[in-house]
Structure formats: structure tokens, C-alpha cells
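The values are calculated or read from the model by the stated rules, or taken from the named source; none is laboratory data. Note that the coordinates shown come from a computational prediction; the quantities given were computed from them, not determined experimentally. In this analysis, Cβ positions are derived from the backbone assuming ideal geometry, glycine residues included, and neighbour counts consider all displayed protein chains.
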Amino acid sequence: MRLRRSVIALMAVLGLALVSACNSGDDGGNEAGDGLQKVSYLTSFNTFGREAYAYVALEKGYFKDAGFDVKITPGSGTVDVMKLVAGGQADYGIGDFTATAITLANQKLPVTTVGMIHQRSMAAIMSLEGLGITKPEDLPGKTIGDQPGSTNTVMFPVYAKAVGIDPKTVTFLPSPPPGLPALLASGKVQGIGQFVVGQPLIEKADSKHRKAVTLPYGDKLPDLYGNAIITRTDLAKDHPDQVKKFTTALLKGLQDTYDDPAAAAETLKKYVPDTDVAVATKELQIMRNYIKPQGFTGPLGDVTQERVQKVISLLQESNAIKTPLKPEDVVTLSLAPKS
């Protein structure tokens, strides 16, 4: 009996090993039944209009043409995306580059960035007319609602130094992201952490129909990148061709989104039925200026060592990071898009 059990156990182990071997491709992932490689992808945050480009790449078959069967899952902010990618729960994700650099300076997660979605940071403080904020100098003494650990909160000390105010004079009230528009509209806070593309959503949530007041970090810190494409360091090192193919397919979706924001918003609604197409379209129209800012001449997704070093130096000067950090610690330049 004992021998029979041992044989059965051995057969089970061999069976699992065989299944694993059949599922493991040379490019570091599992294959779907149609021969496509299964890949998991996390949006930066939820499924707002700003995330439409991934769904465009999915809808238009760019991922499939590159050999991937992609599952898109809503992300919950840069730090969480980094941790999920580092832990193997996702292969790729989107996160703010500055927040990524700050996080990697404080904890060594096995992730790297391989291209930029935005050539300029979209982080901002947003308010409404009549709440006492019209310019950066109005921020001291005010209360800002935001999710702890969000890009806007993490980057605020850097922005505060750039505009000449003491970050300690501004209070950040921990608040769940879905409730931020209503919290601002109620006047319980004078501002919220928000990406600039959140303007149409904020204005729609205000029953008094006030105009949004936006203080973009990128206006004072133009060297800061916005969202970046994140993957695990082992994928970047061991399977560079896969990473390049995935990035190329995703950026095709981004280019189409740039070219036709309204069509991209309609595509998003197909996959996320509760999408407000008008709001999503306005978000994407605003985002165009961050994908390709005025004067930008590089390839879509461009990232350079010189600029990454500028970002690191800026963060060090602002005491946002206090440990040594090199460009290669945060980005794999060999996999970044080339002209």
C-alpha cells in the first residue's frame, strides 16, 4: 500500500511538471489554447478615460498580432501596481515614474520601467472656484483630500519646493479616491490630489457647476515624466523580445488614442459599460498634451538617460529620496522605444 501511494504521488508530481513544461514558453509566460501567450496587465488607476489606450490595443488586435492574450485589470495606484508586478501577480502595469523612482529609492522591488506613456507629469492639486485656491501660494493652511501613498501626495514636497512653499503648512486628509470629487464639492476640503485629466469628472460631480482650478505639477517641474510602463526585472533581463513586442503593441493603442480620443472613449465603453463617453473623451483630449507636449520630437514612449538623471537629481535636491539612485535602477533603457 505504501509503495502504491508513493508511485501515485510520483506520477502526480511528474504530471504537474509536464503540464508546467507544456505551459511555459521560451518567452517567459503561459500560452493560451490558441497559441497566444497569456499576459496580465494593470492599469494605473481604475478604468477612467485616461486608461483607454490599453483597451484600444486589445480591441484593434495589436496585442494579438504581437502574440499575446492580454487580460486587463484595474490598478489601484503606482505603489500597489509595483508590488503586484514585483510579486508576479501581473506582468506589466502602469505607474507614475516619479512615484516609482521614490519608491525604489526606499525599497528594492524587482521592477523596472521600459517606456513612458506621458512625457510630462499629469499630477496636480485640483480645486473648485470659490474654495480659496487659485495659485500655488494659496495652498498653505489648506486641507487637501487624497489617497495615502498616491502620486500626488508622494510628489507634493517636490512641487512645494518648486513653488516656494513649506509642504508642512498643507494638510493632507486621507480619503478614498472614489469619494474625492464629492468631498471637494462639499467644501470639506479645499483641494484634492488629482491628475489633470480629472477636470471634467470633478466639474460633473459639482452640483453648483463651478469650474475646476488645476495646479499641475508639470508646469513647475517640466522635466518630470508622467506614467511609465512597468515590468519585472527578470522579464526585462531574460525575455527582452517579449517586453519590446508588448510595449510596441501598447504604444500603438496609445497612438490611436492620441489621434482619435472620441473613438478611444467609445472603445473603453465597450469593455467598461459604465464609462461616461463624454467625460472620457474630454480626459483623453487633455491627455494629448502630456503624451506629446509642445516641442516634443522623440518617438512615442521615449525615455532618455539624461532626463532620468535630471529627475533623480531633482528628487534628491528636494529630499524626496535620500539614498543613492542611478538611472539603471529605475529604467531599462535598452528596451525603451527608439526613433
Next item on the list: For Lys135, work out the one condition from (1) modelled with pLDDT under 95; (2) out of contact with any Ser or Thr (no Cβ under 9 Å at 6 or more places or on another chain) it doesn't fulfil.
Entry: (1)
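Out of the range 250-262, which residues are of a type outside the set (S, T, N, Q) and either touching a residue at least 12 places away in the same chain (Cβ under 8 Å) or under 19 Å from Phe68 (Cα atoms) (or both)? Walk me through it before giving the result.
Of the residues in the range 250-262, the ones of a type outside the set (S, T, N, Q) are 250-254, 256, 258-262.
Selection gives Leu250, Leu251, Lys252, Gly253, Leu254, Asp256, Tyr258, Pro261, Ala262.
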Notebook entry, point to check: What pairs can you find where one residue is in the range 180-207 and within 18 Å of Gly132 (Cα to Cα), the other is among the small types (Gly, Ala, Ser) and part of a loop (DSSP other than H, G, I, E, B), and their Cβ atoms are less than 6 Å apart, with a gap of 6+ or different chains?
Noted result: Leu183/Ser175; Gln190/Gly132; Gly193/Ser150
Item checked: Residues satisfying the stated conditions in the range 209-227, i.e. modelled with pLDDT under 95 and either basic (Lys, Arg) or under 11 Å from Met126 (Cβ atoms) (or both) -> Lys220
Note to self: From the list Gly28, Gly67, Gly35, exactly one residue is in contact with a helix residue (DSSP H, G or I) (Cβ under 7 Å, 6 or more places away or on another chain) and at pLDDT below 95. Which is it?
What the structure shows: Gly28
Checklist line | Sole residue being modelled with pLDDT of 95 or more, under 25 Å from Gly191 (Cβ atoms) and assigned by TED's automatic domain parsing to the domain that holds Leu36, chosen from Gln305, Gln285, Gln255, Gln242 | finding: Gln285
Margin query: Just checking, does the range 271-284 include any residue being part of a helix (DSSP H, G or I), surrounded by 22 or more Cβ atoms within 10 Å (Cβ to Cβ), under 17 Å from the mean Cα position of the chain (by Cα) and of a type in the set (D, E, K, R)?
Written below: yes
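Pick from the range 301-328 the residues that are among the hydrophobic types (A, V, I, L, M, F, W, C) and not in a helix (DSSP H, G or I): which of them is surrounded by the most Cβ atoms within 10 Å (Cβ to Cβ)? Full working, then the answer.
Taking the range 301-328 first, the residues among the hydrophobic types (A, V, I, L, M, F, W, C) are 303, 308, 311-312, 314-315, 320-321, 325.
Now drop any that are not not in a helix (DSSP H, G or I), which leaves 303, 320-321, 325.
On the way: Val303: 25, Ala320: 21, Ile321: 20, Leu325: 21.
Per the criteria, the residue is Val303.
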Check: Can you find even one residue in the range 150-167 that is assigned by TED's automatic domain parsing to the domain that holds Phe68, among the small types (Gly, Ala, Ser), touching a residue at least 12 places away in the same chain (Cβ under 8 Å) and part of a helix (DSSP H, G or I)?
Finding: no
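Pull up the range 273-285, narrow it to residues that are in contact (Cβ under 8 Å) with a residue 40 or more places away in the chain and out of contact with any strand residue (DSSP E or B) (no Cβ under 9 Å at 6 or more places or on another chain), then point me to the one that is farthest from Ala205 (Cα to Cα).
Keep residues of the range 273-285 that are in contact (Cβ under 8 Å) with a residue 40 or more places away in the chain, which gives 275-276, 278-284.
Next, only the ones that are out of contact with any strand residue (DSSP E or B) (no Cβ under 9 Å at 6 or more places or on another chain) stay: 275-276, 278-282, 284.
Working: Thr275: 15, Asp276: 12, Ala278: 14, Val279: 11, Ala280: 14, Thr281: 16, Lys282: 15, Leu284: 18 Å.
Checked the range 273-285; the qualifying residue farthest from Ala205 (Cα to Cα) is Leu284.
Taking the condition charged (D, E, K, R), surrounded by fewer than 24 Cβ atoms within 10 Å (Cβ to Cβ) and part of a strand (DSSP E or B), does Lys108 pass?
Working: charged (D, E, K, R): yes; surrounded by fewer than 24 Cβ atoms within 10 Å (Cβ to Cβ): yes; part of a strand (DSSP E or B): no.
In short, no.
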Next item on the list: Those residues that are part of a strand (DSSP E or B), β-branched (Val, Ile, Thr) and under 12 Å from Thr214 (Cα atoms), I need them from the range 118-145; list them, please.
Entry: Ile125
Item checked: Residue among Tyr55, Tyr62, Tyr92, Tyr41 that is at pLDDT 90 or above and within 19 Å of Tyr225 (Cβ to Cβ) -> Tyr92
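Do we have any residue at all in the range 231-249 that's under 30 Å from Pro181 (Cα atoms) and either touching a residue at least 60 places away in the same chain (Cβ under 8 Å) or acidic (Asp, Glu) (or both)?
Within the range 231-249, none of the residues are under 30 Å from Pro181 (Cα atoms) and either touching a residue at least 60 places away in the same chain (Cβ under 8 Å) or acidic (Asp, Glu) (or both).
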Item checked: Given (1) of a type in the set (Asp, Glu); (2) in contact with a strand residue (DSSP E or B) (Cβ under 6 Å, 6 or more places away or on another chain); (3) not in a helix (DSSP H, G or I), index of the condition Glu203 fails -> (3)
Note to self: Can you pull out every residue in the range 90-106 that is over 16 Å from Ala236 (Cα atoms) and more than 9 Å from the chain's Cα centre (by Cα)?
What the structure shows: Thr98, Ala99, Thr100, Ala101, Ile102, Thr103, Leu104, Ala105, Asn106
Check: Across the range 215-235, what is the number of residues that are buried (at least 19 other Cβ atoms within 10 Å of the Cβ) and over 18 Å from the mean Cα position of the chain (by Cα)?
Finding: 3
Note to self: Please go through (1) within 22 Å of Gly141 (Cβ to Cβ); (2) over 22 Å from the mean Cα position of the chain (by Cα) for Ile192 and return the number of the only condition it doesn't satisfy.
What the structure shows: (2)
Next item on the list: Residue by residue through the range 68-105, note down the ones that are surrounded by fewer than 20 Cβ atoms within 10 Å (Cβ to Cβ), among the small types (Gly, Ala, Ser) and not in a loop (DSSP other than H, G, I, E, B).
Entry: Ser76, Ala86, Ala105
